[in-house]
1. Give just the number: which of (1) at pLDDT 65 or above; (2) assigned to a helix (DSSP H, G or I); (3) surrounded by fewer than 17 Cβ atoms within 10 Å (Cβ to Cβ) does R91 not satisfy?
2. Can you tell me which condition Y30 does not meet? The list is (1) modelled with pLDDT of 80 or more; (2) assigned to a helix (DSSP H, G or I); (3) open to solvent by less than 50 Å² (accessible area, probe 1.4 Å), and all the others hold.
3. Pull up region 1-26, narrow it to residues that are of a type outside the set (K, R), within 15 Å of A66 (Cβ to Cβ) and assigned to a helix (DSSP H, G or I), then point me to the one that is modelled with the highest pLDDT.
Amino acid sequence: MSTPERDYCYFIDHRKYNRNVGCRKHDNMYGINGGGSERDRWRADLHFYRHMKSNGDPMALPALLACLTFGWFCWNYHPGKGLWRGQLLRRFAKAPK
């Protein structure tokens, strides 16, 4: 009995163009490891784009743009002022104590 593979791609079909591997690597490079600097986020996003591009995925550029935009608003870990300090999602949905 084998364990089913986790679907890391939430908005695109993970079964095409080896996308699930790219999404998993992206999550492991930035999201799951608790983030990092702005440069770390860019590095993870560009690595994700290059993986998709090397597999001939026509969604490589739209996925990069969505990842950059969504990532900036929701998964931005770099320190700063105002709303951009820490992860924006934590501002809206606080974990129960």
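1. In the conditions (1) at pLDDT 65 or above; (2) assigned to a helix (DSSP H, G or I); (3) surrounded by fewer than 17 Cβ atoms within 10 Å (Cβ to Cβ), R91 misses (1) alone.
2. Only one criterion in (1) modelled with pLDDT of 80 or more; (2) assigned to a helix (DSSP H, G or I); (3) open to solvent by less than 50 Å² (accessible area, probe 1.4 Å) is unmet by Y30, namely (1).
3. G22
The values are calculated or read from the model by the stated rules, or taken from the named source; none is laboratory data. It should be emphasised that the depicted structure is a prediction, and the values quoted were computed from it without experimental measurement. Here Cβ is always computed from backbone atoms with ideal geometry, including for glycine, and neighbour counts include all displayed protein chains. SASA here: full protein model, heavy atoms, side chains in, ligands and nucleic acids out. Shrake-Rupley method; radii C 1.70, N 1.55, O 1.52, S 1.80 Å.
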